[in-house]
Amino acid sequence: MAVESTMVPLGTSLPAFALPDLAGDVVTSESLAGRPLLVAFLCNHCPYVKHVEVGLGQVLADYPDLSVVGICSNDAATYPDDDAEHLAAQATRAGWTFPYLLDESQEVGRAFRAACTPDFFLYDASGGLAYRGAMDGSTPGNGVPVTGELLADAIDKVLADQPVPEPHRPSMGCSIKWRS
């Protein structure tokens, strides 16, 4: 079932996290501090993520000064396509070079108030939320090309130390698969 992202208030502080990447190395929010950061909640099984995954990799390749992490908070026991092995295959297929983190406890996804995949949270260099929402207007089957224009515009503004004016278009995708 498609849901929209929670429009967390701008200026909200980056939640602290320490999560393993697909190789088991821990990545922390502290290690990413002091630079703009994009946190993308992603997964392998969702058709909304599959629809934008290559475009996301292409957009992010233009921003070497941006820190990026992908996080999968889905319950891999119920959705085995979202286990580490399948996420690694996805990252390769999509050309992603950023760390892809596993939120097995789902505590980090809840701290961010992530609601769907994909769900994008862009923080400025001081750790304040500057943008949350959609990559662009494309969704599976709507005929709108994947451009990444909304996310790219937000990144451009944040890297230039400018605000990202509202309204922000909510992201839409599969609901995060929380454990009961």
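Computed from the coordinates by the stated procedures, all read-outs in this text should not be read as laboratory data. Only a predicted model underlies this, so the values are computations on that prediction, with no experimental measurement involved. Virtual Cβ from ideal backbone geometry, glycine too; neighbours counted across all protein chains shown.
Annotations
- With respect to the stated conditions, D124 fails to be in contact (Cβ under 8 Å) with a residue 12 or more places away in the chain and surrounded by fewer than 16 Cβ atoms within 10 Å (Cβ to Cβ).
- Selection of the range 132-155 for residues being in contact (Cβ under 8 Å) with a residue 60 or more places away in the chain and either under 13 Å from P36 (Cα atoms) or not in a loop (DSSP other than H, G, I, E, B) (or both) yields R132, G133, L151, A152, I155.
- Among the candidates L159, L129, residue that is surrounded by 14 or more Cβ atoms within 10 Å (Cβ to Cβ), aliphatic (A, V, I, L, M) and more than 20 Å from F112 (Cβ to Cβ): L159
- Checklist (1) within 15 Å of the chain's Cα centre (by Cα); (2) crowded, with 19+ Cβ neighbours inside 10 Å; (3) among the hydroxyl-bearing types (S, T, Y); (4) under 22 Å from D153 (Cβ atoms) applied to Y100, failing item: (4)
- Filtered by the rule that a residue be closer than 25 Å to H86 by Cβ, assigned to a loop (DSSP other than H, G, I, E, B) and in contact (Cβ under 8 Å) with a residue 12 or more places away in the chain, the range 1-24 gives M1, S5, F17, L22.
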